[in-house]
Structures are given as structure tokens and as C-alpha cells.
Amino acid sequence: MLAGCLNCSLYSVLPKMKGLGFTFEDPTVCQDVMAAALSSLPHPAPRFIVISTTGLTQGMTDVPCLLKPLYRYMLHVPHEDKLKAEQLMDQNTSIKEKTIVRPAMLTDGKARGWATAPGVSSSHCSAQEGICRGYTISRRDVGEFVAKQAIQGSQWVNKTVVISN
């Protein structure tokens, strides 16, 4: 099933919160890991897949309105870190094939399938807007999307895709 995985690199990192406040143990962990990973890539680099997050678009157009305050205030620091990590990847000229997967808020729930944007209509995604606004997605669904779509397929090469349930 994952035969294409031998020719790709996959990264997903999230900073750990410190206590009950809005501070993080390592607020630059994503960009630090990305810089280390990029410095060790062969030339030319294999397909590069990054699991990022929603809420990084201008105006947070990929986040439901009810979650915007949470994303804006509580998750501002990790979002800045994720965005800088994405920018580091974009600036690397040895990567010829890359995919940024931006899942909605992650859950440990059962797999329910995923919806994507742009180009696929569902209850959470609009093909006309090209924006996906789901609240959550299970980690299992993200893994399945990466395995079946990002690694095996070519539909999302050199694109950023938002996924949710």
C-alpha cells in the first residue's frame, strides 16, 4: 500500500503547551525541525509531505467562525511556527515535489472519511470557494489521506490541501 513512501519524506510536529496558560515549551519546534530536515535532504530531494494546520490563511478563511477566536488567541504562537516551517520548505530549491496537508482540528476518533478543498464539494467544502471549513478530522483520516492521496497519488503534488470531516 505504501510503496511510494520509500521516495518521500513526511513531517508532522506540534509544540507542547506549558501548564494551563498560552505558552509553549518550544515555540519554534516546527521551524527548527523543518530546518534540520531540509539540511539533511539529498539533492534532488524526494517528495516532501508536511502535515501543517488550518488557520494559516489570510483571514483564516479555512476555519469555521466559531473557532476563529480560539485559533487567533490560543494558537497564535504555534500557527506562526507552522507558517514559518512551511515558508522554509517553499524556499528550498532542491524539493521538486511537495505537498502541504492542512487538517482541521485533530481528534482521536474513528475514521469517517475526509473532505478536501479545492475542487471537491461536500457539506464542509465548497468547490466554488475552494475553501474547506470543517471543525475536526480524526488522526486516522489524516493518515489515510496522506497514504492514499499524498503519497500514492499525484493530485496534490506542489499544492496545499485542507482536509476535514
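A compact table of results
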| quantity | calculated |
| --- | --- |
| Segment 26-58, residues that are part of a helix (DSSP H, G or I) and among the charged types (D, E, K, R) | Asp32 |
| Every pair of residues 6+ apart whose Cβ atoms lie under 6 Å, when the first sits in segment 133-157 and is under 15 Å from Ser52 (Cβ atoms) and without any contact (Cβ under 8 Å) to a residue 40 or more places away in the chain while the second is open to solvent by 10 Å² or more (accessible area, probe 1.4 Å) and not in a strand (DSSP E or B) | Ile137/Asn165 |
| Close pairs from segment 71-92: first within 19 Å of Ala104 (Cβ to Cβ), partner among the acidic types (Asp, Glu) and open to solvent by 30 Å² or more (accessible area, probe 1.4 Å), Cβ under 9 Å, at least 6 apart | Asp81/Asp26; Asp81/Asp32; Ala85/Asp32 |
| Any chance Val157 is farther than 26 Å from Thr28 by Cβ, assigned to a loop (DSSP other than H, G, I, E, B), β-branched (Val, Ile, Thr) and at pLDDT below 85 | no |
| For Glu97: the one exception among (1) under 18 Å from Ala147 (Cβ atoms); (2) in contact with a Ser or Thr (Cβ under 7 Å, 6 or more places away or on another chain) | (2) |
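The values are calculated or read from the model by the stated rules, or taken from the named source; none is laboratory data. Just so it is clear, the structure is predicted and the values come from calculations on it, not from any experiment. Methodologically, a virtual Cβ is constructed for each residue, glycine included, from the backbone with ideal geometry; neighbour enumeration extends over all protein chains shown. With ligands, DNA and RNA removed, areas are computed over all heavy atoms of the protein, side chains included. Shrake-Rupley method; radii C 1.70, N 1.55, O 1.52, S 1.80 Å.
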